[in-house]
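Comments concern the structure below.
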Amino acid sequence: MDIAWSADELAFCEEVRQFLADTLTDELRASGSRMTSVYADPGKALAWQRILHAKGWVAPAWPVEHGGTGWTLAQRYIWQRERIAAGAPPVSPMGVQMCGPAIIGHGSDEQKAYFLPRMLSGEHFWCQGYSEPGSGSDLASLQCRAEDAGDHLVVTGQKLWSTHAHAANWGFFLVRTATGDRPQKGITFLLIDMTSLGITVVPTVSPAGENIQNEIFLDGVRVPKANVVGRIGDGWTVAKYLLEFERGGVAYAPGLQIDLDEIERFAGEVPGDDGGRLIDDAAFSDAVAQARIDVMALEIFEFRAMGDAGAGRFPHAVPSLMKIRGTELQQRITELHMLAAGRYAAAYQPQAGVSGGPVRFPHAADGFAGPREAALAPMRYVSERAASIYAGTNEIQRNIIAKILGL
Amino acid sequence: MDFTFTDDQRQLRDAVQGYLQRNNGFSARTKVARSESGWSESLWRGLAEELGLLGLFVPGDLGGASADSVTAMVVMEELGASLLVEPFLETAIVGAAALAASEGGEAELRAIAQGDARFALAWAEPEARFDRLPRATVARRDADGWRLDGTKSVVTAAPVATHLLVTALADAEPALFLVEPGAAGVALQGFPTIDGRRAADVTFTQVRLPISAPVVRGAEAIERLLDLATAMLGAEALGVLRRMLDDTIAFTRDRRQFGQPIASFQVIQHRLVDMYMRLELATSAVYRAVLSLDAAPAERMRAVSAMQVTVAEACRFVGQNAIQLHGGMGMTDEVAVTHYFRRATVIESEFGSADYHRRRFAALSRAV
């Protein structure tokens, strides 16, 4: 065992820092460091993606032959940590982290040749069509229908919670091509041009007043069968592959540590109840310390998972444990942020940050009251409630671990 | 001991509930909250004229009802259940109580009862977080009266108010001043709050006030007024919490996944039971606080701080889990529960965070 980074890894870290220092503009840094939720502004994220594309760093997890970096898991971890610390926005995950792996693993040569380069360059901006009104946690019960029409499928149905569908020109969908004994059978993974006739995107407004999610209505949308990834009826396999692709390469701790650093710095600048600084307040500093302790435990857990994955071992409970613990800590940190904001925890001032989509609630056009860090707190607190719901609720994740434990 | 409501209180509850269902329904209320002004004049007039509600704490000879605090608690709970955005607490509770305790103020009290006045209470300072007493806002005596200087942060309802009540050190003694928002030297930086209300940071620069401007004097009188406000906010929270619990029970019974209502899963049931227990304990804490408002200062303050901690934790637990159990729907503006969640979030620290009140409680307990 050895807990230290190697000399090569430390050198890589320096290279990454230098690249970030050289390429990040103030505007890009603001769009990454002042996010009001986990969602970056699509336009800003694309601008950053173009810079990464020129360097060949858009898709660290992809194989080199498709445009990946060939980095080790440790290098990917370092990249993620330094990227967040420097304030760069995240690249939209729907293409590179979700649809890309599905095409790499199950797509045809034509699909790989056409879609992967456009995904890397940002020419195609992707959204996801999975959940439906009656199919959330129970995704396999999905009903969006795709009828066989010779060389086309004709798709009719409704999808929910599609992040940035309003900004996307392509979408990957799970649709039902057959009904059978098991709901997982007869599901097909389909790539759909979002400019197709019969598609209507309706904005969903979040409790923070932002339009990031959308409903997608599909009414007789004709999709060439050439856009099926994998075999017709075998979409569940593709969807599962996609989920497992990044195993060992996902980490919560770096972002959580940086959030805590920022809150601690901010708490050193604002008053506490007893006249001193908030960071000198025993209750507050104890709560920050506890969060740091919990993040430290998660960090080593993530390093262990990284080591296992590097050795080809994928303990099944790992992604669920990381998702539960990571999102719970993420949410607790937004609670600390609210405490640090004091009375400004009540103020609605999205203009102090950079939203991941159009803001639909009334707010001041520019300028804001109180410190900027305080203005961000309620936006993040409200938005982060989604973390324990999306990507499989934390209740569902606990069910998964319970099954693995043989319960 | 008796924890039952009188017939009059029950009738008042029904009348308020009925009026708000007719005039402050979810979509009407949301429209008002998102409007330019942020409040509804017709609703406000109705509260005064149809229900006589704005004169709740105004003496009878000035057109009010001279109601007791238990009656006010009943009203506040219903306003919470309806998510009223208009400044009822600031006007009919805080404004009326402050002026009723002062000399003079008859004109303002009449205006409150008639629906012609809207108050805002400016107490928190950027230099002092949740400290209930003024530190850096100062009123100095001069030949004509007073000169007020200082800044107040996140003053709820200030942009819609006709009267500001401002805490300040008057010759080193805490006092509460009545200030016109339009007076020379008063500057507002306004913004909406996450619960759909309006607030502002308010700066006072050499504001000239008449000699009669202090309506309340002394630290205990200000603490008492803020304790009343806190207890009534707790009563409002009960309406907010009850609605979140009811809505979440209804949703989980209706929502089906894996072929059955999600309310049939034990993990969901236990969560709902914990939410229910928080509500009942918060209700109990509010009763104690409201029934202690006229007790000796230390007992009153302990009861109110204990209540605020209990209510704040209930708001957080019930609010977060109401969202969680609504799943994706809990992350949309479409369902009412997310609006209640935002109000609950503001209530958590409107008059001081749970940490602040725990510390205040501990200090008072040591002193006993």
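The values are calculated or read from the model by the stated rules, or taken from the named source; none is laboratory data. Everything numeric here is computed off the predicted structure, so don't read it as measured data. A quick note on method: Cβ atoms are made from the backbone with ideal geometry, for glycine too, and the neighbour counts reach across all protein chains shown.
Residues considered: A:GLY220, A:GLY276, A:GLY268. Of these, the only one that is out of contact with any Cys (no Cβ under 6 Å at 6 or more places or on another chain), among the small types (Gly, Ala, Ser) and at pLDDT below 95 is A:GLY276. With respect to A:TRP170, determine if the residue is aromatic (Phe, Trp, Tyr) and farther than 20 Å from A:PHE125 by Cβ. The answer is no for A:TRP170.
Among the numbered conditions (1) modelled with pLDDT under 95; (2) surrounded by 22 or more Cβ atoms within 10 Å (Cβ to Cβ), the only one that A:TRP48 does not meet is (1).
For every residue, the table says whether it meets (1) surrounded by fewer than 21 Cβ atoms within 10 Å (Cβ to Cβ); (2) under 13 Å from the mean Cα position of the chain (by Cα).
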residue	(1), (2)
B:GLU78	no, yes
B:LEU89	no, yes
B:ALA92	no, yes
B:GLY95	no, yes
B:LEU99	no, no
B:GLU103	yes, no
B:LEU109	no, no
B:ILE112	no, no
B:ASP116	yes, no
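When A:VAL288 is tested against the conditions (1) within 11 Å of A:ALA340 (Cα to Cα); (2) not in a helix (DSSP H, G or I), the lone failure is (2).
So if I check each of B:SER349, B:SER305, B:SER292, which one is in contact with a Phe, Trp or Tyr (Cβ under 6 Å, 6 or more places away or on another chain), of a type in the set (S, T, N, Q) and outside the structural domain of B:ARG197 (by TED's automatic domain parsing)?
Details: B:SER349 fails: in contact with a Phe, Trp or Tyr (Cβ under 6 Å, 6 or more places away or on another chain); B:SER292 fails: in contact with a Phe, Trp or Tyr (Cβ under 6 Å, 6 or more places away or on another chain).
Only one candidate qualifies: B:SER305.
Among the residues making up segment A:179-204, a single one is of a type in the set (Asp, Glu) and within 13 Å of A:PRO224 (Cα to Cα): A:ASP193.
Per-residue answers, yes or no, for (1) in contact with a Lys or Arg (Cβ under 7 Å, 6 or more places away or on another chain); (2) under 25 Å from B:GLN17 (Cα atoms); (3) acidic (Asp, Glu):
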position	(1), (2), (3)
B:SER69	no, yes, no
B:LEU83	yes, yes, no
B:PHE88	no, yes, no
B:ILE93	no, yes, no
B:LEU99	no, no, no
B:GLY105	no, no, no
B:ALA111	no, yes, no
B:GLN114	no, yes, no
B:ARG118	no, yes, no
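For the condition part of a helix (DSSP H, G or I), among the hydrophobic types (A, V, I, L, M, F, W, C) and farther than 30 Å from B:ALA303 by Cβ, what is the one hit in B:PHE251, B:PHE204? Show your work before the answer.
On the way: B:PHE204 fails: part of a helix (DSSP H, G or I).
Of the residues listed, the single one that is part of a helix (DSSP H, G or I), among the hydrophobic types (A, V, I, L, M, F, W, C) and farther than 30 Å from B:ALA303 by Cβ is B:PHE251.
Return a yes/no flag: does segment A:334-352 have any residue that is more than 14 Å from chain B (Cβ to nearest Cβ) and at pLDDT 95 or above. No: zero hits.
With respect to B:LEU121, is the statement that it is assigned to a strand (DSSP E or B) and buried (at least 24 other Cβ atoms within 10 Å of the Cβ) true? Against the criterion (assigned to a strand (DSSP E or B) and buried (at least 24 other Cβ atoms within 10 Å of the Cβ)), B:LEU121 qualifies.
Take B:ALA344 and decide whether it is in contact with a Lys or Arg (Cβ under 8 Å, 6 or more places away or on another chain) and of a type in the set (A, V, I, L, M). Here the answer is yes, as B:ALA344 does meet what is asked.
Can B:PRO59 be described as touching a residue at least 24 places away in the same chain (Cβ under 8 Å), at negative phi and within 14 Å of another protein chain (Cβ to nearest Cβ)? So B:PRO59 fails the test.
Assigned to a strand (DSSP E or B) and on the phi < 0 side of the Ramachandran plot - does that describe any residue in segment B:222-239? Walk me through it before giving the result.
From segment B:222-239, those assigned to a strand (DSSP E or B) are none; that's our starting set.
Looking through segment B:222-239, none of the residues is assigned to a strand (DSSP E or B) and on the phi < 0 side of the Ramachandran plot.
Restricting attention to segment B:156-194, the residues that are touching a Leu at 6+ places or on another chain (Cβ under 8 Å) and not hydrophobic (A, V, I, L, M, F, W, C) add up to 8.
For B:ALA200, the criteria (1) in contact with a Phe, Trp or Tyr (Cβ under 6 Å, 6 or more places away or on another chain); (2) aliphatic (A, V, I, L, M); (3) within 11 Å of another protein chain (Cβ to nearest Cβ) hold in every case but one, which is (1).
You will find that of A:ALA102, A:ALA74, A:ALA85, A:ALA140, the residue that is within 14 Å of another protein chain (Cβ to nearest Cβ) and assigned to a helix (DSSP H, G or I) is A:ALA140 and no other. When segment A:99-148 is filtered for residues that are surrounded by fewer than 21 Cβ atoms within 10 Å (Cβ to Cβ), in contact (Cβ under 8 Å) with a residue 40 or more places away in the chain and either under 15 Å from A:PHE245 (Cβ atoms) or small (Gly, Ala, Ser) (or both), the ones remaining, listed by number, are A:GLY105, A:HIS106, A:SER108, A:LYS112, A:SER121, A:SER137, A:ALA140, A:SER141. Of the residues making up segment A:351-367, those that are assigned to a loop (DSSP other than H, G, I, E, B) and either surrounded by fewer than 21 Cβ atoms within 10 Å (Cβ to Cβ) or in contact with a Cys (Cβ under 6 Å, 6 or more places away or on another chain) (or both) are A:PRO358, A:ARG360, A:PHE361, A:PRO362, A:HIS363, A:ALA364, A:ALA365, A:ASP366, A:GLY367.
Could you tell me whether segment A:112-128 includes any residue that is at negative phi, at pLDDT below 95 and among the polar types (S, T, N, Q)? Walk me through it before giving the result.
Initially, segment A:112-128 is screened for residues at negative phi, giving A:112-121, A:123-128.
Now drop any that are not at pLDDT below 95, which leaves none.
No.
Checked against (1) farther than 29 Å from B:ALA122 by Cα; (2) of a type in the set (A, V, I, L, M, F, W, C); (3) in contact with a strand residue (DSSP E or B) (Cβ under 9 Å, 6 or more places away or on another chain); (4) within 14 Å of another protein chain (Cβ to nearest Cβ), A:VAL288 passes all but condition (3). Name the single residue that is surrounded by the most Cβ atoms within 10 Å (Cβ to Cβ) among those in segment A:372-395 being more than 9 Å from every other protein chain (Cβ to nearest Cβ) and either at pLDDT below 95 or part of a loop (DSSP other than H, G, I, E, B) (or both). Per the criteria, the residue is A:GLY392.
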